[in-house]
1. For the stretch 132-232, which fully contained helices (runs of 4 or more DSSP H) count at least 1 residues that are among the aromatic types (Phe, Trp, Tyr)?
2. Of the residues Asp435, Asp370, only one is more than 16 Å from ligand 2 (Cβ to nearest atom), open to solvent by 30 Å² or more (accessible area, probe 1.4 Å), touching a residue at least 24 places away in the same chain (Cβ under 8 Å) and assigned by TED's automatic domain parsing to the domain that holds Cys607; which?
3. I'd like the full set of residues that are touching a Gly at 6+ places or on another chain (Cβ under 6 Å) and without any contact (Cβ under 8 Å) to a residue 60 or more places away in the chain, limited to the stretch 523-573.
4. Determine whether the stretch 574-595 contains at least one residue that is touching a Leu at 6+ places or on another chain (Cβ under 8 Å), free of Cβ contacts under 8 Å to residues at least 12 places away in the same chain and not acidic (Asp, Glu).
5. In the stretch 260-283, how many are among the aliphatic types (A, V, I, L, M) and in contact (Cβ under 8 Å) with a residue 60 or more places away in the chain?
6. Residues that are within 34 Å of the chain's Cα centre (by Cα) and away from ligand 1 (no atom under 13 Å from the Cβ): which strands (runs of 3 or more DSSP E) entirely in the stretch 364-420 hold 3 or more of them?
7. For the stretch 564-591: of the residues being aliphatic (A, V, I, L, M) and outside any strand (DSSP E or B), which is surrounded by the fewest Cβ atoms within 10 Å (Cβ to Cβ)?
8. Can you find even one residue in the stretch 161-184 that is open to solvent by 20 Å² or more (accessible area, probe 1.4 Å) and more than 25 Å from Tyr336 (Cβ to Cβ)?
Amino acid sequence: MGRGGGRFGGRGGPERKPTLPLKESLKQLAHLLWPFIRPRLGAIILGTLCLLVGLALGKVVPLISAWLVDNVLTPAVKGGSDAPEIGVVYRQVGVAAAAMLGCALLSALVSGVHNWVVRSASASFVRDLRMAVYRHLQRLSLHFFESRPSGDVVSRVAGDVGGLEEVITFVGDRLFNDALNLLVTTGILFWLEWRLALVALIPVPLLLLMMRWFSTTIRPVYRATRDRYGEVHAKLQDNISGIRVIKAFHADEQEVSAVGGMVNRLFETQVRAIRLSSVAWPLMGFLHGFGHLLVISVGAFLIVRPGSTFTVGALFAFTAFVMQLYHPIGALFHTYNHLLQCLASGERVNEIMNAVPEVADASDAYELPDAVGQVAFDGVNFRYTPEVPVLKGVSFVAQPGEVVALVGRSGAGKTTIINLIARFYDPEAGRITVDGHDLQSITQASLRSQIAVVPQDAFLFNGSVSENIRYARPEASEEEVRAAARAAYAAEFIEALPDGYESLIGERGVKLSGGQRQRLAIARALLADRKILILDEATSMVDSHAEAEIQQALAGLMRGRTSFVIAHRLSTVVHADQILVVDEGTIVERGTHAELIERSGLYNSLCREQIRSA
Ligand SMILES: Nc1ncnc2c1ncn2[C@@H]1O[C@H](COP(=O)(O)OP(=O)(O)O)[C@@H](O)[C@H]1O
Ligand SMILES: [Mg+2]
């Protein structure tokens with residue numbers, strides 16, 4: 001595990017992953033996000049209105065200054081007969097200052113409202129999106145999780161979804177506001193002096209060309225960056241889960257260098273993005289400065305030209321507006337850049353949202369009525385991957401209340417058979433029924449609510465002992481929890497824990513041995529109290545003395561339920577009503593212990609092997 005991880009390192013590089021056409025990617029992002037944006041349109045519109053007011057106020061202030069310069073200050077400085085009285089000048093300056101103060105206050109107010117409305121809409125947008133992605137993830141079948149590293153999935157749900165937060169501010173806010181600002185400012189510039197406006201527009205086509213170049217070059221880099229984040233997360237997750245193996249084989253250095261390689265590749269893609277933006281932003285700044293310089297030079301020429309009507313005040317306002325012209329172009333550029341980053345995250349989130357559960361309820365699926373407990377396989381074929389057939393023509397009938405044992409060598413297909421009973425996968429051919437109902441025509445929820453499984457690797461969640469036992473039936477009483485623990489032969493060690501049933505287990509709590517974990521998993525299944533009970537090597541890590549005790553307790557609990565037992569110690573299946581001997585995906589023998597021993601086939605030799613090794 002984990003060792004030699006470098007082999008997988010090259011995956012997801014920018015060279016291998018074809019980028020979607022921009023339009024297609026935008027369409028998919030819109031499709032993904034629209035259901036979450038729609039309920040927030042009110043907030044977006046209010047936020048946009050606030051921005052519009054702020055935008056208008058921004059236009060008023062330079063016009064007030066222009067008026068002050070041309071109509072008040074210039075005549076006062078010039079002197080002469082029509083010069084205003086000093087008192088009038090003071091009053092007019094005071095009026096202008098008061099108007100500007102009013103504008104500043106109003107501006108602050110709308111900016112505050114805007115911030116509150118839009119940011120809270122963004123936050124709730126991300127919350128809902130996160131929930132939706134998580135809900136969809138829970139619906140996906142096991143196959144989805146088996147076919148990709150869990151760290152990459154976590155990175156998509158946590159990182160990429162979070163990265164979409166800014167989308168809300170793009171919609172009403174920035175794109176609309178900046179585009180409108182650009183239009184209005186251009187209009188004002190032409191109104192003030194059309195020739196100078198033309199001069200101011202000279203850098204614009206250059207800016208647009210640059211944006212185009214930037215977007216086509218940087219998009220694949222952004223996607224590669226997100227994918228490499230996913231890779232690093234996946235590797236870390238694998239590393240932390242496998243830390244014991246790493247330590248045991250003294251592979252720390254190897255792991256560090258494997259992770260180092262991945263972190264370096266992430267760094268390299270980041271450097272590519274940094275290099276591109278180091279060219280793009282300064283170039284843009286230069287174009288701004290260049291435009292400004294053109295405007296001032298040509299403007300000065302227009303003012304001093306004989307018979308000119310263009311005033312110093314107008315040039316004053318004009319240069320302020322030129323900044324307001326270039327600023328939204330830069331802002332649009334920034335927004336566009338963010339949008340491209342969001343597209344990369346959006347594509348990754350979409351790959352989850354577009355994943356279809358392989359095992360899905362039929363559109364006319366009905367609820368399985370309270371099960372009696374008959375389980376039948378009829379000519380079932382199954383494969384996990386297209387190349388390798390795993391089950392071939394498996395047929396059997398487990399009558400209600402029977403104990404059916406599955407035995408066979410490791411890798412024979414025993415776990416696969418019980419995976420199909422719980423419908424974790426669908427068979428490729430044949431039929432599986434419970435009480436005569438085809439699994440594919442009933443709902444998964446109603447099927448699974450009749451089944452309790454103790455899987456081969458008894459998984460416990462971080463939490464208390466009692467929470468873990470209660471997992472399938474949270475409303476169970478304290479007494480029921482204790483009874484289940486006693487039946488699973490777990491009560492004794494639980495009571496010896498520092499906080500008894502409330503002791504925390506898992507990463508933040510007490511560490512349990514393999515056998516103890518298995519006993520908790522059995523208690524959990526017993527408490528679930530289901531008609532069909534599946535025990536997959538449920539006592540493989542328990543010592544043989546404890547196993548005998550558990551078997552005795554289980555014998556009572558299996559009464560009235562259909563039970564499937566996979567046991568590695570054949571002594572525990574001697575009393576089964578039916579023993580199915582599985583080999584290479586088919587049932588090669590079936591019968592009771594006595595019948596099978598007679599036959600001197602595979603079962604007989606498995607038994608001999610065990611007696612010999614015991
Ligand atoms: N999730 C899986 N994906 C692909 N192959 C699998 C998967 N689980 C099991 N297999 C393969 O299917 C075969 C049967 O496995 P399994 O049913 O777990 O055997 P058993 O429980 O009898 O030891 C094995 O060859 C195993 O490698
Ligand atoms: Mg197995």
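1. It comes to 142-146, 177-192, 194-201.
2. Within the list Asp435, Asp370, the selection yields Asp435.
3. Passing the criteria: Met541, Val542.
4. Among the residues of the stretch 574-595, not one is touching a Leu at 6+ places or on another chain (Cβ under 8 Å), free of Cβ contacts under 8 Å to residues at least 12 places away in the same chain and not acidic (Asp, Glu), which makes the answer no.
5. Selection size over the stretch 260-283: 4.
6. none
7. Val574
8. Within the stretch 161-184 (the criterion being open to solvent by 20 Å² or more (accessible area, probe 1.4 Å) and more than 25 Å from Tyr336 (Cβ to Cβ)), the answer is no, since none of the residues qualifies.
The values are calculated or read from the model by the stated rules, or taken from the named source; none is laboratory data. Small disclaimer: the values here were computed from a predicted structure and weren't measured. Cβ atoms come from the backbone with ideal geometry, glycine included; neighbour counts cover every protein chain shown. The protein model used for the area step is the full one, side chains on, heavy atoms only, and it has no ligands, DNA or RNA in it. Shrake-Rupley method; radii C 1.70, N 1.55, O 1.52, S 1.80 Å.
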